[in-house]
Amino acid sequence: QVQLVESGGGLVQPGGSLRLSCAASGITFSSYVMSWYRQAPGKEREFVAAITSGGTGTNYVDSVKDRFTISRDNAKNTVTLEMNSLKPEDTAVYLCKANRYGTSYWGKGTLVTVSS
């Protein structure tokens, strides 16, 4: 059974930082491209960042470049999203996705709220 479990969300003030993690099980983690998406209330799900299976390549949506960093540890089957300089518009449920050859798995998400 495939499981992706996100953690690390919470309430943070504007300008603050959070570190999200996604723990995977039931898949050959090192074979999957891992991504973070987010969905704000009343909005469509949005791509945030992705990292290649080996961890050598990353991609970000423009709005988070230079503020967020995606990384992975294939020995621990985890992917991490370091988020700095958070803004109120970063408020959303953040979801982890594993993708390989068109087969995708999703976590249930973790809520990030940026507010003073």
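The values are calculated or read from the model by the stated rules, or taken from the named source; none is laboratory data. Predicted, not measured: the structure shown is a model, and the values here were computed from it. Backbone-built Cβ (ideal geometry, glycine too); neighbour counts: all protein chains shown. With ligands, DNA and RNA removed, areas are computed over all heavy atoms of the protein, side chains included. Shrake-Rupley method; radii C 1.70, N 1.55, O 1.52, S 1.80 Å.
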* To do: Counting only DSSP beta bridges with both residues in the chain, tell me the antiparallel percent, nearest 5.
  => 95 percent
* Structure fact -> The alpha-carbon pair-distance distribution computed for the range 1-91, with 10 angstrom bins and whole-percent values, is 16, 49, 30, 5
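Calculate the FRET efficiency for R100 and F47 from the Cβ-Cβ distance with a Förster distance of 22 Å, rounded to the nearest 0.05.
Values: r = 17 Å, r/R0 = 0.77.
So the FRET efficiency works out to roughly 0.85.
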* Keeping the other protein chains in place, figure out the carbon and sulfur percent of the accessible area of the range 1-99, with a 1.4 Å probe. => 45 percent
* Asked: Given +1 on the Cβ of Lys and Arg, -1 on the Cβ of Asp and Glu, and no further charges, what dipole in debye does the chain carry about its Cα centre, rounded to the nearest 20?
  -> 200 debye
* Asked: Among S21, S104, S30, which one moves the most in a GNM of the chain with springs linking Cα atoms closer than 10 Å?
  -> S104
* Asked: What spacing in nm lies between the two simple spin-label points modelled at S71 and K87, each 7 Å away from Cα in the Cβ direction?
  -> 2.5 nm
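Determine the order of T56, T113 by accessible area, beginning with the largest, at a probe radius of 1.4 Å.
Working: T56 135, T113 40 Å².
Final ranking, largest accessible area leading: T56, T113.
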* Which aspartates and glutamates have a Cα less than 20 Å from the Cα of K87, not counting those fewer than 8 places away in the same chain? -> E44, E46, D62, D66
* **GNM flexibility winner over the chain from L20, L81, L11 (Cα, springs under 10 Å)** => L11
* Using the heavy atoms of the protein chains and a 1.4 angstrom probe, tell me the accessible area per residue for the chain in square angstrom. => 53 Å²
* Looking only at S71, S25, S35, which one moves most when the chain is put into a Gaussian network model with springs between Cα atoms under 10 Å? -> S25
* **Given charges at Cβ of Lys, Arg, Asp, Glu: the range 37-116 dipole, positive-most of Y94, F68, S115** => Y94
* Asked: Under 18 Å from the Cα of K76, which aspartates and glutamates turn up, not counting those fewer than eight places away in the same chain?
  -> E6
